[in-house]
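Right, one structure below, let's go through it.
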């Protein structure tokens, strides 16, 4: 099932921290994001979406992925997505508080499309949300079939 012009593709937000989850959702809401935001609260829930997509649910426009997740790490989620013939073209943006050089390097080695450090200031976070929406949901060209 593909999204239609009336129904833009969803965004998958993978975040376990309730405060960061709330901050992200509030920022998207204030920017009047038209894409539905799906939520996975750990790496296991994120990986479960692969089965849902294979069964016909619309693929997301972008996956916003935290690194430090319970059950399965964000980097392992990224690895499995990018190793999948079916889903490797889905853009993945790491949105994390990690400033570790090794996390950044490993994320790019695994095929991440972008790596953004979470801003702590709400106004800065609003700017990040606006840029994510503008670039990944409006400007970015996607293949007709992932």
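The values are calculated or read from the model by the stated rules, or taken from the named source; none is laboratory data. Just so it is clear, the structure is predicted and the values come from calculations on it, not from any experiment. Glycine gets a Cβ as well: all are built from the backbone with ideal geometry, and neighbour counts include every protein chain shown.
None of 79, 99 is without any contact (Cβ under 8 Å) to a residue 40 or more places away in the chain and in contact with a strand residue (DSSP E or B) (Cβ under 7 Å, 6 or more places away or on another chain) except 99. Scanning segment 90-101 for residues that are part of a loop (DSSP other than H, G, I, E, B) and under 20 Å from residue 37 (Cβ atoms) yields a count of 3. Mind checking whether some residue in segment 118-126 is closer than 24 Å to residue 35 by Cβ, buried (at least 17 other Cβ atoms within 10 Å of the Cβ) and at pLDDT 90 or above? No, the conditions are met nowhere in segment 118-126. Among the residues of segment 88-107, those identified as under 15 Å from the mean Cα position of the chain (by Cα) and more than 15 Å from residue 43 (Cβ to Cβ) are 88, 89, 90, 91, 93, 97. Counting only helices (runs of 4 or more DSSP H) that sit completely within segment 1-89, those holding 1 or more residues that are at pLDDT below 95 and buried (at least 16 other Cβ atoms within 10 Å of the Cβ) correspond to 18-30. Restricting attention to segment 95-115, does a residue exist that is surrounded by fewer than 19 Cβ atoms within 10 Å (Cβ to Cβ), within 20 Å of residue 25 (Cα to Cα) and touching a helix residue (DSSP H, G or I) at 6+ places or on another chain (Cβ under 6 Å)? The answer is yes; a qualifying residue exists.
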